[in-house]
1. Which ordering of T69, T160 is given by a fewest-first count of other beta-carbon atoms within 10 Å?
2. Enter the angle in degrees (range 0 to 90, nearest 10) between the Cα long axis of helix 393-409 and the first principal axis of the Cα atoms of the chain, meaning the one along which they spread out most.
3. Quick check: net charge around R162, other residues with Cβ under 12 Å of its Cβ, Lys/Arg +1 and Asp/Glu -1?
4. Expressed in nm to one decimal, what extension gain is obtained for the pair Q105 and R473 from 0.36 nm per residue of sequence separation less their Cα-Cα distance?
5. State the dimensionless ratio Rg/Rh of segment 5-176 (Rg: radius of gyration of Cα atoms; Rh: Kirkwood radius).
6. Between Rg and the Kirkwood Rh of segment 413-560, both from Cα atoms, what is the Rg to Rh ratio?
7. Just add up the charged neighbours of E218: K/R +1, D/E -1, any other residue whose Cβ is under 10 Å from the Cβ of E218.
8. What fraction, in whole percent, of alpha-carbon pairs in segment 312-442 exceed 25 Å separation?
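Rule-based calculations on the coordinates, nothing more; no lab input. From a predicted model like this one, the values you see are computed outputs, not experimental measurements. All Cβ positions, even for glycine, are placed from backbone atoms using ideal geometry, and neighbour counts span all protein chains on display.
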Amino acid sequence: MTQLIRYAIEPVDPNGHLFHVDLTVAEPDPEGQRFSLPTWIPGSYMIREFSRNIIQMDAVCDGIPVPLTKLDKNHWQASPCKGALTISYDVYAWDLSVRTAHLDQTHGFFNGSSVFLEVQGNENQPLVIDIKRPFGERYDNWRVITALPELEAPRYGFGTYRASNYDELIDSPVELGTFALGQFEVYGTLHEIAVTGHVPNLDMVRLEKDLKTICETETAFFEPESRRSPVDRYVFLVMAVGNGYGGLEHRASTALLCSRKSLPSTATPEQDGKLSEDYVQFLGLCSHEYFHTWNVKRIKPTAFIPYRLDAETDTRMLWLFEGFTSYFDDLFLLRSGLIDVGTYLRLIAKTINGVMRGKGHLRQSISDAGFDAWIKYYRQDENSPNALVSYYTKGSLVALLLDLTLRKATGNARSLDDVMRLLWQRFGRPFDEGLPVGMTDAEAKRVLEEISGTDLRDFFSRYIYGTTVLPLREALADFGVTMKNTADSGKPGLDIRTRQQGNDCVVTHVYENGSAHYAGISAGDVLLAIDGLRVSADGKSIARQLSRYALGDEVDIHVFRRDELMKLTAILVSEEAPEYTLTLTENAADAMKTARQSWLGS
Ligand SMILES: [Zn+2]
């Protein structure tokens, strides 16, 4: 079978971190075939300019070199030619993240958006991808895992794979190496976990068991009757490192980066009912990315159909796609029986404390936060806590408030569960049934109002388009949960964040309206002494030192700004770090207990 478009990728120099790619187009555009490379990868909303890693590109037509013109930063055009056109190039792959590509002698990983040029005008053609084994004995035991279906390759083998179009190609990351492999079924659908990286005594059995529970809970949530999976096969690609955290959702897989300590060990097995905090965080990440299989990969904002890969795209609806997903990720750990109510309430309290820590949540709405994700959330700096809000964390609290509001308005008959299911029925679409239909803000609001039976205009303008503080305390009280700020308001503090750099304590963030802000301490300053006494490099001495002073006291602060010694004066005010706790209300009324039961289960 002659394929019109064929990619061959070879890890040609693992030591130099180079993939080599040959892209052959059997019938190029007679006017001169154009090619492009995405500037960003869907799910990670920042222009990353993947073409910066392309090294040297040549074009050959029927064995004869043809001129290739670079039109702009990520577009190329071959001169008109007759016969099959092959474009060859190397890609430098040395970014250990879920967003680009990485290659060395231990493993290879790539997203299609980093390595495969798009053949303009042929976006919807089926594609063949030949994945080649690196040369040398060292690589004899390497395997391949990806959600792309095999064309001529054994399962986990090198050989040819296929993609139904360019969108599927760049939505299916590939891992090469000697990963540990786990498998389980979710209502008859094969799910796999590939763990890359050195993880002593990895407890794969535990991982299989817990991920299966989460995936079953989520599948049954969206498809309570049929339990039909939206995928034919699903792959968790996990890269374990010393320190790291991140995930990226795809249509039938997810790429995850985690710290090795967050994976279970057979030597110190995880105990049912009291899983370690690190492992709970990892399961929460898996739960989050798996939920995206429905929410954002198949229920999509209209602006993503199709993705515009050349430039920033309207991402105003991330409050729903990331916020709701962040609300349900931990909730499904509770519903799957992996954590208890106490742990769940602690996770919500942690989110509340994070959102309320700076003034950003009073400055930027979650709708605007999504819209500006490209230049703000993904490009955070020392002033971010004062200027912006996370559509993940605040979005999840808005989802919580919506859930409680809906439950209250309907006497616990309806909830955000019903909203998600209706969104799925109305806007979700499996890939094999054509393009998703797409959803707008207004349509999401209509579904929410349909389920709640109330007008949500006010809710939207206050909490989604506005920055009104969420009335969570009141909402939670109705559900038999007490929210209390236990922070000591009489305690003086500097209201800064620091990091240790060698023997220095370096200020990284200065919260607005705190003692340090008023004194003129700035991010980047090396904090030397408070009232003539040395500050410890790890910053832990600050609270201890300040505990000898009262609110209103004046203290000298010595800092180095760059190489200049500065003496500043701080008038101490109370540190504004909230410490909310959520507990089950003692002696809650029966109605509250019933409401809580319907929300959190037993
Ligand atoms: Zn997400």
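1. Details: T69 12, T160 17.
Lowest count first: T69, T160.
2. 70 degrees
3. Details: positive: R6; negative: D130, E150, E152, E168.
So the surrounding residues net to -3.
4. On the way: separation 368, 0.36 × 368 = 132.48 nm, distance 5.32 nm.
Length gained between Q105 and R473: 127.2 nm.
5. Working: Rg = 15.3 Å, Rh = 16.2 Å.
Reported Rg/Rh, Kirkwood definition of Rh: 0.95.
6. Numbers: Rg = 24.8 Å, Rh = 20.3 Å.
Rg/Rh for segment 413-560 comes to 1.22.
7. On the way: positive: R335; negative: E216, E223, D329.
Taking every other residue near E218 into account, the sum is -2.
8. Working: 2870 of 8515 pairs.
Of all Cα-Cα distances in segment 312-442, 34 percent exceed 25 Å.
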